[in-house]
Amino acid sequence: MHFVPSIKRFLSKPYLLIYSFLIFVLPFVFSRETAELYEFPKITFFYLICTITAALFLSDVILKPRKISSVPPAIVLFLISAGISTLLSSHIYTSVFGYYSRFADSFVFYITLAIFYYVAVNVFSAEDLKTLFKVAQAGSVFLFMFALGQYFKPFEFLWGGQLQDRVFSTLGQPNWYAQYIIILLGISLYEFIFRNGKIYFVLFVVQFFSLWLTFSMSGLAGFLVLLIFYFSRSFLDKEKAEERSAMAFRFAAVALVTLIIPILFPGMFRERLNDVLIDAKKIVSKYTVVRAQTEDQANFVSDPGYIRSGLWKGTVDMIVSEPKVFLFGSGPETFPYYFQKFRPASLNYSSEWNYVFNKPHNYYLEMWAEQGLAGVFSYIFLLFFLFRCTDRRYKGGILAFAVTNMFGWPTVASSILFWLLLVSTGRRGEL
């Protein structure tokens, strides 16, 4: 199978061309003219392309009536839950349109993602879907070039900005870049280990290097889970029993890459590890304030673990504050408004003491706080449905994505990949 699809195939399928354009271009969309450089331009671009696509699909259905697919109950449940939470929101306009200045995770965003899914599941074959992920894989190479320009001085011309300790390419933040890459890395790793796709080994090297230079602890945690998952599957998969020696060799090649890159480019990993240890001491200590200010306990980079512990505690207090919030949440994207009265005093002694926290940095807690028990259950059920029903090549990336959500949240780019993966559940029999 050729990795690069033919141009003729793209031109003969307008939807494939539009979706390929969206998936390839969107990660690179940013603007220095807006308050939010990355997420707001990306979501605006996404809305524009989806509006065009929806109009084209609706015209097609009207002019050429045909049988169209039904929506799986897991997606319906998720949208209904988000709709109920929006109707009961403490700030309905924010829940409908999103929180300034990113506007993602709003009800309009969910509906647009559902349209993106629905058009795709009705017009694409399994082969088309694989093509779209190949387009995303090709895009990851160009994202890596931007990352090189951010980290290495000889490549600075690629970025044209100040060198960074942690790369984020054109995604906005290192953790956002790590989450986006981990989904594609899961596919590359599967194709190389289980199908001996040599081009995917090259992609794996590029994507792991990208992931490493983010120095994202959540991304690296997702990668560790991904490796364990594939390693265990290689032994449990009876169909691959005859190929285990070859797979062991490919695992060795992967292990070599994951050792060589960190050794050659340790970067700020020592500082990050130091911060994890310092944060752990702060969290378990009874003298949090003293330790937060003690000079010999200072964090080298930041104190993310300590900040998250305070955020999570305040978020849990918010969740259990009243039955309405517990069951249906405060409303999508309303966390910044509602959280303030539950904000722990300990956060005043963190490096972000003067920040307005608009996310709890745990998507599952965020869903519970904003959309209640119904919302977090519907999202976990959606993850379970996707993991159970999708093709094997995508399962590892989904698992790693779910891990990163424990310390962050999906951005526009990673959400699009997630909903594209949902399309694969409607094409499982063809894969």
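Some points to look at:
- Any pair with Cβ under 6 angstrom, 6 or more apart, that starts in the range 171-196 at a residue that is in contact (Cβ under 8 Å) with a residue 24 or more places away in the chain and ends at one that is open to solvent by 20 Å² or more (accessible area, probe 1.4 Å) and of a type in the set (S, T, Y): G172/Y38; S188/Y200; E191/Y200; F192/Y200
- Of all residues in the range 340-384, those satisfying the criterion of being buried (at least 18 other Cβ atoms within 10 Å of the Cβ) and either among the polar types (S, T, N, Q) or outside any helix (DSSP H, G or I) (or both) are R343, S346, S350, F357, K359, P360, H361, N362, Q371, S378.
- Any chance I62 is over 27 Å from V141 (Cβ atoms), among the aliphatic types (A, V, I, L, M) and not in a helix (DSSP H, G or I): no
- Of the numbered criteria (1) surrounded by fewer than 16 Cβ atoms within 10 Å (Cβ to Cβ); (2) closer than 20 Å to K395 by Cα, the one L227 fails is (1).
Okay, residues lined up against (1) out of contact with any Leu (no Cβ under 6 Å at 6 or more places or on another chain); (2) in a helix (DSSP H, G or I); (3) without any contact (Cβ under 8 Å) to a residue 40 or more places away in the chain:
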{"position": "T112", "(1), (2), (3)": "yes, yes, no"}
{"position": "Y117", "(1), (2), (3)": "no, yes, no"}
{"position": "T131", "(1), (2), (3)": "yes, yes, no"}
{"position": "K134", "(1), (2), (3)": "yes, yes, no"}
{"position": "F142", "(1), (2), (3)": "yes, yes, no"}
{"position": "V167", "(1), (2), (3)": "no, no, no"}
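- Condition check for Y306: open to solvent by less than 20 Å² (accessible area, probe 1.4 Å) and either modelled with pLDDT of 95 or more or closer than 28 Å to L421 by Cα (or both): no
- Selection from the range 194-210 of residues that are closer than 20 Å to P262 by Cβ and open to solvent by less than 20 Å² (accessible area, probe 1.4 Å): L203, F204, Q207, F208, S210
Residues checked against (1) among the aromatic types (F, W, Y); (2) at pLDDT 95 or above; (3) within 21 Å of F387 (Cβ to Cβ):
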position: Y151; (1), (2), (3): yes, no, no
position: F155; (1), (2), (3): yes, no, no
position: L171; (1), (2), (3): no, yes, no
position: Y177; (1), (2), (3): yes, yes, no
position: Y180; (1), (2), (3): yes, yes, yes
position: I193; (1), (2), (3): no, no, yes
position: S210; (1), (2), (3): no, yes, no
position: S216; (1), (2), (3): no, no, no
position: S234; (1), (2), (3): no, no, yes
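- Close pairs (6 angstrom Cβ cut-off, 6 or more residues apart or separate chains): within 18 Å of L373 (Cα to Cα) in the range 66-80, open to solvent by 60 Å² or more (accessible area, probe 1.4 Å) anywhere: A74/F381
- For T94: the one exception among (1) in a loop (DSSP other than H, G, I, E, B); (2) modelled with pLDDT of 95 or more; (3) not small (G, A, S): (1)
- Check on S106, crowded, with 21+ Cβ neighbours inside 10 Å and under 30 Å from G329 (Cβ atoms): yes
- Neighbours by Cβ (under 6 Å, 6+ apart or cross-chain): first from the range 338-353, more than 16 Å from S90 (Cβ to Cβ) and touching a residue at least 60 places away in the same chain (Cβ under 8 Å); second part of a helix (DSSP H, G or I) and charged (D, E, K, R): none
- F78 falls short on exactly one of the conditions (1) in a helix (DSSP H, G or I); (2) open to solvent by 10 Å² or more (accessible area, probe 1.4 Å); (3) under 26 Å from F357 (Cα atoms); (4) aromatic (F, W, Y), and that condition is (2).
The values are calculated or read from the model by the stated rules, or taken from the named source; none is laboratory data. Everything quoted here is computed from the prediction, not taken from an experiment. Neighbour counts run over all protein chains shown; Cβ positions are idealised from the backbone, glycine included. Accessible surface areas use protein heavy atoms only, side chains included; no ligands, DNA or RNA. Shrake-Rupley method; radii C 1.70, N 1.55, O 1.52, S 1.80 Å.
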